[in-house]
Amino acid sequence: MSKTILSKATKQATLAAESPKVPLRAAEAPFGVPPPSIDWVEADGVRVFYRAAGDTTAPVVLLLHGFPASSFMFRELIPRLADHYRVIAPDLPGFGFTEVPAERKYTYSFDGLAVTIEAFTQALKINRYALYVFDYGAPTGFRLAMAHPDRVTAIVSQNGNAYEEGLGDAWGPIRKYWAAPTADNREVIRKNILTLEGTRWQYTHGVANPDGVAPESYTLDTALLERPGNKDIQLDLFLDYATNVKLYPKFQEYFRKSKPPLLAIWGKKDPFFIPAGAEAFRKDLPNATVQFLDTGHFAIETHVSEIAAAMKEFLDANGIARRSEESGHRG
């Protein structure tokens, strides 16, 4: 991909992020469901961008994305769930089109992300929800669940880790950064991970047909990473990820005490969060459902239909009833 194309994408994404109303056009939704709406809401001093679809009276499914993505990663999952659920997907601070005012002096940490997303749920008056967590969305969502276990009806973890054995070898450079957060180690990550090539690799590694992964996914992520100051935000979050590993025992204690229904649906060729992390949920949740998909980290890019079907079956089996077919209005 040429630098000219990337430069144009970066400029367009930056202008979109700065615009008070972004004229985004959602792809045509399958199954006759209207495409997701987009909006912003003030929460925790942050202007949180989010996508939403489905009957407002239906059970809520809260989708939390990971690095280096945004709610855009759920563009095909949302309409597949919205015929029976209220589906809501925010952009985390530092990602997508969520806007953090400079005067907010925001601290980019996972504790901070969780506080903001909790405020987001309160702003939208979401008091009960099933969680879909992926990558960074997992430590963010698990913090919410620990703080308010009564609010979480179920958890779907798509390559969202909570166990040391789930950390793959790809974490090597970041572990080195944790051990010695020097300028040199920070620069290694900046030059090797926070690039177009590094982002594309995350999307395509382990995928049977890498050229089949929609290029707008990693191109948008890269464009947003290139905004002034954003790479330093990401480097701060990489460093802070060590706090999540320290919290793993607390997450596991939450699983044992609260016993949330849990589906771990995993791209088995993920170099970051390996299959052992999915299997490990059964140590604390013996009834957890574990399913592997023949793909990589961003399993949703290649297996969205399988993930949607597994989620509906799982939610139904655990008493999170879909909206009645007879209620008429769809989406």
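Some notes on this structure:
- Selected residue (only one of PRO249, PRO271 is in a loop (DSSP other than H, G, I, E, B), modelled with pLDDT of 95 or more and surrounded by fewer than 19 Cβ atoms within 10 Å (Cβ to Cβ)): PRO271
- Checked against (1) touching a Gly at 6+ places or on another chain (Cβ under 9 Å); (2) closer than 21 Å to GLU164 by Cβ, PRO181 passes all but condition (1).
- Residue in segment 201-224 that is of a type in the set (D, E, K, R) and farther than 23 Å from ILE307 by Cα present: no
- Residue count for segment 185-198 under the criterion of being of a type in the set (D, E, K, R) and within 14 Å of ASP236 (Cα to Cα): the result is 3.
- Lone unmet requirement of (1) closer than 15 Å to VAL46 by Cα; (2) in a helix (DSSP H, G or I) for LEU92: (2)
- Residue ID - surrounded by the fewest Cβ atoms within 10 Å (Cβ to Cβ), chosen from residues in segment 120-143 that are of a type in the set (A, V, I, L, M, F, W, C) and assigned to a helix (DSSP H, G or I): ALA123
- Residue match in segment 252-259 (condition: in contact with a Leu (Cβ under 6 Å, 6 or more places away or on another chain) and in contact (Cβ under 8 Å) with a residue 60 or more places away in the chain): yes
- Residue match in segment 49-70 (condition: within 22 Å of LEU224 (Cβ to Cβ) and either among the β-branched types (Val, Ile, Thr) or part of a helix (DSSP H, G or I) (or both)): no
- Filter result for TRP178 (part of a helix (DSSP H, G or I), out of contact with any Leu (no Cβ under 8 Å at 6 or more places or on another chain) and under 19 Å from LEU237 (Cβ atoms)): no
- Residue in segment 97-110 that is assigned to a helix (DSSP H, G or I) and either among the acidic types (Asp, Glu) or modelled with pLDDT under 95 (or both) present: yes
- Failed condition for ALA242, given (1) surrounded by fewer than 18 Cβ atoms within 10 Å (Cβ to Cβ); (2) not in a helix (DSSP H, G or I): (2)
Here is a yes/no grid of residues against (1) modelled with pLDDT of 95 or more; (2) out of contact with any helix residue (DSSP H, G or I) (no Cβ under 7 Å at 6 or more places or on another chain); (3) not polar (S, T, N, Q):
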{"site": "LEU167", "(1), (2), (3)": "yes, yes, yes"}
{"site": "ASN185", "(1), (2), (3)": "yes, no, no"}
{"site": "GLU197", "(1), (2), (3)": "yes, yes, yes"}
{"site": "LEU225", "(1), (2), (3)": "yes, no, yes"}
{"site": "ILE233", "(1), (2), (3)": "yes, yes, yes"}
{"site": "LEU239", "(1), (2), (3)": "yes, no, yes"}
{"site": "PHE255", "(1), (2), (3)": "yes, no, yes"}
{"site": "ALA264", "(1), (2), (3)": "yes, no, yes"}
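- All positions within segment 206-222 that are under 18 Å from the mean Cα position of the chain (by Cα) and either acidic (Asp, Glu) or buried (at least 18 other Cβ atoms within 10 Å of the Cβ) (or both): VAL213, GLU216, SER217, TYR218, THR219, LEU220, ASP221, THR222
- Residue list for segment 281-306, filter: assigned to a helix (DSSP H, G or I), hydrophobic (A, V, I, L, M, F, W, C) and within 27 Å of GLU253 (Cα to Cα): PHE281
- Candidate set: segment 92-118, residues that are among the small types (Gly, Ala, Ser) and surrounded by 15 or more Cβ atoms within 10 Å (Cβ to Cβ); chosen: the one farthest from TYR241 (Cα to Cα): GLY96
Listed here are the residues, each with its yes/no results for (1) surrounded by fewer than 24 Cβ atoms within 10 Å (Cβ to Cβ); (2) at pLDDT 95 or above.
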residue: PRO34; (1), (2): yes, no
residue: ASP39; (1), (2): yes, yes
residue: GLU42; (1), (2): yes, yes
residue: ARG47; (1), (2): yes, yes
residue: ALA52; (1), (2): yes, yes
residue: THR56; (1), (2): yes, no
residue: GLY66; (1), (2): no, yes
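The values are calculated or read from the model by the stated rules, or taken from the named source; none is laboratory data. Keep in mind it's a predicted model, so treat the numbers as computed, not measured. Here Cβ is always computed from backbone atoms with ideal geometry, including for glycine, and neighbour counts include all displayed protein chains.
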